[in-house]
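The next block holds one structure in the form of structure tokens; read it before the comments.
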């Protein structure tokens, strides 16, 4: 008989290893499409880790929202854009030392934080969803829309501004390419676009028979 706790621990380490490997593949693969697919695998593995932590809502939201919608959009944009790979690699090599330093600082901060918590032996306490007698999804929804409604709305506003800013930054007008102007479409007079012409119906005459050639 397999111990459930041991099986859950093995699954956690397996999903965590796949998540880290896929995340490294995102920043090391040369093909942009392959990098996006590796990011999809990263999100899926992270969702499995959240399922082990009994955060079902976050896991399903990660798969449905990010894997099912956002990453499909990313993949579409990457495949449609004409990206100069050589120029991107030159910029990556140029800022590689700075990136390594930042990564080491972040790693040191994370290890220090984990060490401080381990030394203090802080207890996480009981699961608030189980204490309230609710499921994880119900408790999270009640907490978001009651106790943390203002931060939730602020986060939604920031994301909306980010979407509008991304559209405004990528909006470019190219010469020789047809594009639509919403302002001109609204100001169009329907009478100048179509003209109804009345004409009498004429019956088509049958063609005259051809004379046989000698």
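Things to note:
- Label point distance in nm, residue 188-residue 7, each placed 7 Å from Cα along Cα→Cβ: 6.3 nm
- Label point distance in nm, residue 180-residue 146, each placed 7 Å from Cα along Cα→Cβ: 4.5 nm
- Difference of contour (0.36 nm per residue) and Cα-Cα distance, residue 205 to residue 26: 57.2 nm
- Site pair residue 102 and residue 157 shows an inter-label distance of 2.8 nm when each label is modelled 7 Å from Cα along Cα→Cβ.
- Between region 168-211 and region 17-87, the alpha-carbon centres lie 45 Å apart.
- Efficiency of FRET between residue 61 and residue 164 - r from beta-carbon atoms, R0 22 angstrom, step 0.05: 0.45
- If R0 is taken as 45 Å, the Cβ-Cβ distance between residue 130 and residue 35 corresponds to a FRET efficiency of 0.70.
- Taking the fewest neighbouring Cβ atoms within 10 Å as the starting point, the ordered list for 13, 66 is 13, 66.
- Tensor-based shape of region 1-83 (alpha-carbon gyration tensor, a/c under 1.5 rounded, otherwise prolate or oblate): oblate
We did not get these values from a lab; they are worked out from the coordinates using the rules stated. In this text the structure is predicted, and so the values were computed from the model without any measurement. Glycine gets a Cβ as well: all are built from the backbone with ideal geometry, and neighbour counts include every protein chain shown.
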